[in-house]
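**Student:** Please read through the structure below; I'll follow up with questions.
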Amino acid sequence: MENWDEVRTAYQVARLGTVSGAAEVLGVHHATVIRHIDALEGRLGVKLFQRHARGYTATEAGQDLLTVAQTTDDQFTQLAGRIRGQGEGVSGELVVTSLATLSAMMAPVLTEFQRENPGLTVRYLTGNRLFRLEYGEAHVAIRAGSAPEQPDNVVQPFMPHKMRMVAAKSYVDRKGRPETVADLPDHEFVGFDQLDSRAPFMRWLLTHVPQDRVVYRTEENQSIVDAVVAGAGIGFISDWDFGRIDGLVELFPSMEEWQSPLWLVTHVDLHRSPKVQAFLTFLKARAKEWESRA
């Protein structure tokens with residue numbers, strides 16, 4: 001295509017349905033949008049849009065163009081993300097994503113790595129959304145559960161995500177503590193709102209207590225920690241949180257059934273970049289120190 005600007009303009013008009021919306025997204029005057037559409041239709045010899053009072057609706061030819069333009073736009077987005085991660089040194093942005101429950105573990109590591117590389121800006125992204133490495137949304141992902149299977153990712157085993165069953169001292173004073181697993185149905189628990197959660201500790205718990213014993217339910221790991229600390233019930237928290245929070249009582253030794261493996265995931269295009277390799281080396285060294293102290 002002779003003029004990508006015209007195609008990109010048509011793509012935004014088809015996506016948004018109005019000239020004004022496309023102009024705002026592209027940062028141009030609405031007259032420029034109309035000129036691009038007219039020029040593109042003239043060059044192709046077909047009508048790409050039906051004009052009406054509410055805006056523009058793509059014709060069949062316009063829909064075909066939209067499909068191709070969207071694919072091309074996605075590819076440009078991927079390319080830009082990869083180029084941003086291919087700097088020669090450890091500078092610019094380092095984007096790392098993980099479960100929020102790993103924040104207590106990751107914050108000291110990221111802080112120390114940043115201090116050793118003062119030209120670096122750290123972006124640590126947590127939450128339930130799966131950040132897409134192929135789109136350059138993160139340089140390194142730490143993921144739990146079964147090994148990720150995306151074909152363009154480099155996946156390395158990291159370490160187990162160890163969980164502990166605990167209660168606040170205030171809960172133990174109020175309700176006592178279970179002496180055996182058979183005592184658990186007599187107690188109250190904190191857990192995820194979605195009782196069909198794939199978290200190993202939730203699956204284990206619901207094989208040993210009725211669902212109605214999970215009396216405090218929430219959506220996030222940090223909210224579980226907060227509720228357990230407040231004495232709402234017995235709950236599972238990470239080994240890292242247990243080590244930094246006072247006033248918690250461990251009820252049973254940690255079981256392998258509660259754990260899930262952690263994986264280091266990088267995109268193949270960024271895996272060998274100096275920044276990613278430097279951080280992976282640094283993180284693995286810290287993990288060996290943790291294991292030696294365990």
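The values are calculated or read from the model by the stated rules, or taken from the named source; none is laboratory data. As the structure is a prediction and not an experimental result, all values here were calculated from the model. No Cβ is skipped: glycine too gets one built from the backbone with ideal geometry, and neighbour counts run over all protein chains shown. With ligands, DNA and RNA removed, areas are computed over all heavy atoms of the protein, side chains included. Shrake-Rupley method; radii C 1.70, N 1.55, O 1.52, S 1.80 Å.
**Student:** Quick check, is residue 204 open to solvent by less than 30 Å² (accessible area, probe 1.4 Å), aromatic (Phe, Trp, Tyr) and on the phi < 0 side of the Ramachandran plot?
**Tutor:** The answer is yes for residue 204.
**Student:** Name every residue in the stretch 207-242 that is part of a helix (DSSP H, G or I) and either open to solvent by less than 50 Å² (accessible area, probe 1.4 Å) or touching a residue at least 40 places away in the same chain (Cβ under 8 Å) (or both), in order of residue number.
**Tutor:** Result: 221, 222, 223, 224, 225, 227, 228, 229, 239, 240, 241, 242.
**Student:** Additional query: Have a look at 224, 245 and point out the one that is in contact with a helix residue (DSSP H, G or I) (Cβ under 7 Å, 6 or more places away or on another chain) and aliphatic (A, V, I, L, M).
**Tutor:** 245
**Student:** Being assigned to a helix (DSSP H, G or I) and β-branched (Val, Ile, Thr) is the filter here, so list the residues in the stretch 12-52 that pass it.
**Tutor:** Those that are assigned to a helix (DSSP H, G or I) and β-branched (Val, Ile, Thr): 13, 19, 25, 32, 33, 34, 37.
**Student:** Quick check: is even one residue across the stretch 259-278 surrounded by 15 or more Cβ atoms within 10 Å (Cβ to Cβ) and farther than 30 Å from residue 120 by Cβ?
**Tutor:** yes
**Student:** Right, something else. Among the residues of the stretch 244-283, which ones are touching a residue at least 12 places away in the same chain (Cβ under 8 Å) and in a helix (DSSP H, G or I)?
**Tutor:** Within the stretch 244-283, 244, 257, 258, 274, 275, 276, 278, 279, 280, 282, 283 qualify.
**Student:** Go through the stretch 154-206 and give me each residue that's hydroxyl-bearing (Ser, Thr, Tyr) and within 17 Å of residue 248 (Cβ to Cβ).
**Tutor:** The answer is 170, 171.
**Student:** While we're on this one: Would you please list the contacts, defined by Cβ atoms under 7 Å and residues six or more apart or on different chains, that run from a residue in the stretch 143-157 that is assigned by the TED database to the domain that holds residue 271 and in contact (Cβ under 8 Å) with a residue 40 or more places away in the chain to a residue that is open to solvent by less than 50 Å² (accessible area, probe 1.4 Å) and in a loop (DSSP other than H, G, I, E, B)?
**Tutor:** Filtered contacts from the stretch 143-157: 154/271; 155/147; 155/148.
**Student:** Do we have any residue at all in the stretch 185-192 that's part of a strand (DSSP E or B), open to solvent by 20 Å² or more (accessible area, probe 1.4 Å) and either aromatic (Phe, Trp, Tyr) or on the phi > 0 side of the Ramachandran plot (or both)?
**Tutor:** Yes, the stretch 185-192 contains at least one residue that is part of a strand (DSSP E or B), open to solvent by 20 Å² or more (accessible area, probe 1.4 Å) and either aromatic (Phe, Trp, Tyr) or on the phi > 0 side of the Ramachandran plot (or both).
**Student:** Checking residue 134 against (1) farther than 30 Å from residue 277 by Cβ; (2) assigned to a helix (DSSP H, G or I), which test does it fail?
**Tutor:** (1)
**Student:** I've got another one for you. Search the stretch 106-148 for residues being of a type in the set (Gly, Ala, Ser) and over 19 Å from residue 159 (Cα atoms), and hand back the single one that is least open to solvent (accessible area, probe 1.4 Å).
**Tutor:** Filtering first and then ranking leaves 138.
**Student:** Let me ask you something else. If I ask for residues that are in contact with a Lys or Arg (Cβ under 9 Å, 6 or more places away or on another chain), open to solvent by less than 70 Å² (accessible area, probe 1.4 Å) and hydrophobic (A, V, I, L, M, F, W, C), which ones from the stretch 14-57 would you list?
**Tutor:** 22, 26
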